[in-house]
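See structure below.
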Amino acid sequence: MLGTGSRNTGHRGRWMNARTKSPRTRGGGRLGELRSRAARLRPLTLLTRGVGALVALALLYLVVITVHEILDAAVSRDVRVVGGEGTPAGAPAVGEPRFLEQLSVLTPVAMTGGNRVEALLFGDTVFDRMEADIRGARRAVAVQMYYCEPGRVARRIAAALAAKAQEGVPVYFLWDTFGCGSLGGDYFDTLRRAGVRVAAFRPIHWYTLHRAQHRSHVRAVVVDGVVGYTGGTGFADKWLNGPTGLAGWRDTSVRFSGPAVRELAAVFAAAWTEATGVLLDGPDLFPPPAAPAAGGGATAGLVYSSTTLGTSEAERFLALTIAGARRTLWVTNSYFLPNRAFRDFLRRAARRGVDVRVLVPGERIDVKILLYAGQAHYEELMQAGIRVWEYRGRMLHAKTIVADGAWTAIGTLNLDNRSLRLNDEATLAIYDAGLGAAMDSVFLRDLRSAREVRLEEFRRRPWANRAWELLATRLASFL
């Protein structure tokens, strides 16, 4: 019994100990462990909350910017009618002296004679001519570039710029941080070590997000202040023809010499000042005017358009051009998203008997939603008699206009809100019958690689396409 009682007492003691102590010991252990874990997680929780708050603030900031842009677009006044358009006198035709006079008054375009202008249609040609001009420079080379990618083209241009800088020629390279960021720091460091003066245009930081969408879309190369290049071509291999015969992006750039080059140099100088605080002047980029080109040359001027709260220089230039067309208006544009005002201009031109044709990218466009945004307006344009073609080759990136076979525009200007309102753009306007005839031929040749959009067929497009068009038009102001 003693033994049994001892065992029972021991059992009861263990039971009592478990009942009286274990809950505190075990609970305290779990509670302590939880407290210890919470203490370890507290910094992580605070960090997560902090990051979440920053993300929320950033999103709120972007929403405010977006709403501001939408409201600004809603209250902005577009160019809707050009002076005498629709009256017996009519707006001045592109071939009349009054047209050039009005252009110089209503836009900051100085049309001058004595220019020699060449349209360059393919990247291989552009880069060959550009590299040769850079290597032949004697006074200065200035490059402003919106779009770049690592590859053969970027290396070629860098080698030519570096070689020229090592010879003691001042060389400037201004790159857009949005379009050329993929080149990486090593690329620009190599240029700097060779003596090239390099600057980034509008770097993107959290405190500059409010202006991040206002880019410089300009492509400009100025050699000795006497030769200039602009157009849609960037420093990337996609503009080259491939080794297997694959064509590069179809684009148009322009090489020109004469008084108009000083205007392109001035565009570069203004952007360089914004980026560095240094205002360039002197004969390196702005030499004394040379003698006019033999045979008189072409009348040309640079249309430079920048971010504005009112109507831009680009809008006024396009309005005058469309209203001034009398026989033909042939438009090639990579991102054709004209707003209501410019669709009205195009429809009125067609209704007064102008042969209005539009060539745009097709299924191989690089940003598909932009194709849908443009297609949303095909029907109303075709109903007015405007003919539309979609390019079937590789990406069509050209931005050109030819009116009445004599008035030509070649540059960076797309017919979308981004080019008309948000970006800096550069386009060379040329009045020259020879160049106009050549560009008419280029347009007709491109049509052979395109498919005309027929109204009745287009009306039978799938409902899924219509849904994408509806979505794209809601985003059109920012595309």
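The values are calculated or read from the model by the stated rules, or taken from the named source; none is laboratory data. None of the values given here were measured: they were computed from a predicted structure. Because the Cβ atoms are built from the backbone with ideal geometry, glycine has one as well, and the counts that use them run over all protein chains shown. Heads up: the accessible areas ignore ligands, DNA and RNA and are worked out on the full protein's heavy atoms, side chains in. Shrake-Rupley method; radii C 1.70, N 1.55, O 1.52, S 1.80 Å.
The table below gives the values:
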| quantity | calculated |
| --- | --- |
| Within the range 436-479: backbone nitrogen closer than 19 Å to the Glu379 label point (7 Å, Cα to C-beta) | 453-476 |
| Backbone HN-Hα couplings from phi across the range 406-416 [Karplus 6.51/-1.76/1.60, Hz, Gly and Pro as x] | 9, 9, 10, 10, 9, x, 9, 7, 8, 8, 9 |
| Contour minus Cα-Cα distance for Thr190 and Glu101 (0.36 nm per residue) | 27.3 nm |
| Cα gyration tensor shape of the range 248-387, rounded if a/c is under 1.5, else prolate or oblate by comparing a/b with b/c | prolate |
| Portion, in percent, of the accessible area of the range 281-354 that falls on carbon or sulfur, probe 1.4 Å | 56 percent |
| C-alpha center-to-center spacing [the range 450-465, the range 382-411] in angstrom | 19 Å |
| With all protein chains modelled, accessible area of Glu263 [1.4 Å, Å²] | 40 Å² |
| DSSP-loop GluC sites (Glu not before Pro) across the range 107-187, with at most 15 other Cβ within 10 angstrom | Glu167 |
| HN-Hα J in Hz across the range 250-256 - Karplus 6.51, -1.76, 1.60, θ = phi - 60°, x for Gly and Pro | 7, 9, 9, 10, 9, 10, 9 |
| Test item: Cα-centred dipole of the range 379-479, Lys/Arg +1 and Asp/Glu -1 on Cβ, debye | 500 debye |
| Positive-pole candidate from Trp389, Gly362, Thr408, dipole of the range 354-439, charges at beta carbon | Gly362 |
| Estimated vicinal HN-Hα couplings, Hz - the range 371-380 in sequence order (Karplus 6.51, -1.76, 1.60; Gly, Pro = x) | 5, 5, 4, x, 5, 4, 10, 4, 4, 5 |
| Rough spin-label spacing in nm, given labels placed 7 Å along Cα→Cβ, for Glu149 and Val81 | 4.7 nm |
| Cβ-placed point charges (K, R +1; D, E -1), dipole of the range 209-342 about Cα centre in debye, nearest 20 | 580 debye |
| Cut-off under 5 Å, modelled amide H: who pairs with Leu329 long-range | Asp355, Val356, Arg357, Asp404 |
| Over the range 386-433, relative contact order from alpha-carbon pairs under 8 Å, at least 6 apart, % | 32 percent |
| Rounded if a/c under 1.5, otherwise prolate or oblate - the range 376-479, Cα gyration tensor axes | oblate |
| Global form of the range 347-436, assessed from the alpha-carbon gyration tensor, a/c cut-off 1.5 | oblate |
| For the range 133-202, size of Cβ-based charge dipole, Lys and Arg +1, Asp and Glu -1, in debye | 240 debye |
| Of the trypsin sites (Lys or Arg not before Pro) in the range 105-205, those whose Cβ has at most 14 other Cβ within 10 Å and which sit in DSSP loop | Arg138 |
| For the range 89-145 and the range 187-206, distance of Cα centres in Å | 27 Å |
| Among Ala247, Ala271, Gly296 the positive-end extreme of the charge dipole of the range 246-344 (Cβ point charges) | Ala247 |
